[in-house]
1. Looking at ALA76, ALA88 in this structure, which one is buried (at least 17 other Cβ atoms within 10 Å of the Cβ), modelled with pLDDT of 85 or more and aliphatic (A, V, I, L, M)?
2. Do the conditions hold for ARG52, that is, is it under 23 Å from TYR166 (Cβ atoms), of a type outside the set (A, V, I, L, M, F, W, C) and in contact (Cβ under 8 Å) with a residue 40 or more places away in the chain?
3. Pairs, please: C-beta under 7 Å, at least 6 apart or cross-chain, first residue at pLDDT below 90 and in the stretch 158-173, second assigned to a helix (DSSP H, G or I) and not charged (D, E, K, R)?
4. How about the stretch 172-204: which of its residues are among the aliphatic types (A, V, I, L, M) and farther than 25 Å from SER23 by Cα?
5. Looking only at the stretch 103-142, count how many residues are modelled with pLDDT under 80, of a type outside the set (S, T, N, Q) and in contact with a helix residue (DSSP H, G or I) (Cβ under 8 Å, 6 or more places away or on another chain).
6. Which of the residues spanning the stretch 98-122 are touching a residue at least 60 places away in the same chain (Cβ under 8 Å) and either touching a Pro at 6+ places or on another chain (Cβ under 8 Å) or among the charged types (D, E, K, R) (or both)?
7. Kindly indicate the residue of the stretch 59-70 that is surrounded by 13 or more Cβ atoms within 10 Å (Cβ to Cβ) and farther than 15 Å from ARG104 by Cβ and also modelled with the highest pLDDT among those meeting that condition.
Amino acid sequence: MMKSLSSILQQGLKARRDLELLSVLRSEIAHELSSPPIEVRVVLWSPVILTRFRVVRVRIQDVLLKRKFISGEEIAVSAVLGAVDYMAPEGSFSRRLEMKVCVRKPGLSSVLQFNCKVPSHKAFSRPYFVWDAHYIQTPVDLSRSIYKGRKFRSLPRTLRRQLEHYLCDKGIERDLVEFLLSHLHRKEQQQYVQWLQTIENLVSDSQ
């Protein structure tokens, strides 16, 4: 009799915890659905972006774009959300954007690779910062023994600025990075809501 009573009490306690969890999950889902990511202006792929770049890959956490000029020069842009920016002011995106830009001239196997960081807010005059640049003679061989150039921050300021202008001339401008920042934040939110809904269904089914 005592075992039966104990079992009933445990089941009741579990049911109560499940109901509390469901309440919290549903509250979080409702909050996310009613609160789109900050500053999201573009819902679908921007026609302006698509006139310059071709979407090659869109995965859960990253996106890859490519562009080929009439001259045969090719550019590839990959972007993924970076670390949470705890210093971002209210009304900004929660995470920075990390972006790689690779440029290849026609007939050459060598690649010029730029590693860029995009701030989560607009407090900066520049839309992104180049923190490293590499000249890769053969993309297949990325061993550390290959000389890729000096650290970007050790280059003369005038050279750094000219390399940044070079990227802008290739279409890596504010509208592109702002679009990628908005798109990936929106995509992350969608994945988060789907994850919450999956847990909600599992808890509901176990009742």
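1. ALA76
2. Yes.
3. These pairs meet every condition: ARG160/PHE152.
4. Those that are among the aliphatic types (A, V, I, L, M) and farther than 25 Å from SER23 by Cα: ILE172, LEU176, VAL177, LEU180, LEU181, LEU184.
5. Selection size over the stretch 103-142: 1.
6. Passing the criteria: only VAL118.
7. Among those residues, the one meeting the criterion is VAL63.
Residues checked against (1) at pLDDT 65 or above; (2) closer than 24 Å to LEU202 by Cβ; (3) exposed (fewer than 13 other Cβ atoms within 10 Å of the Cβ):
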| position | (1), (2), (3) |
| --- | --- |
| LEU25 | yes, yes, no |
| ILE29 | yes, yes, no |
| VAL48 | no, no, yes |
| ARG57 | yes, no, yes |
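The values are calculated or read from the model by the stated rules, or taken from the named source; none is laboratory data. Bear in mind the structure is a predicted one, so any value in this text is a computation, not a measurement. Note that each Cβ is placed from the backbone with ideal geometry, even for glycine, and that neighbours are counted across all protein chains shown.
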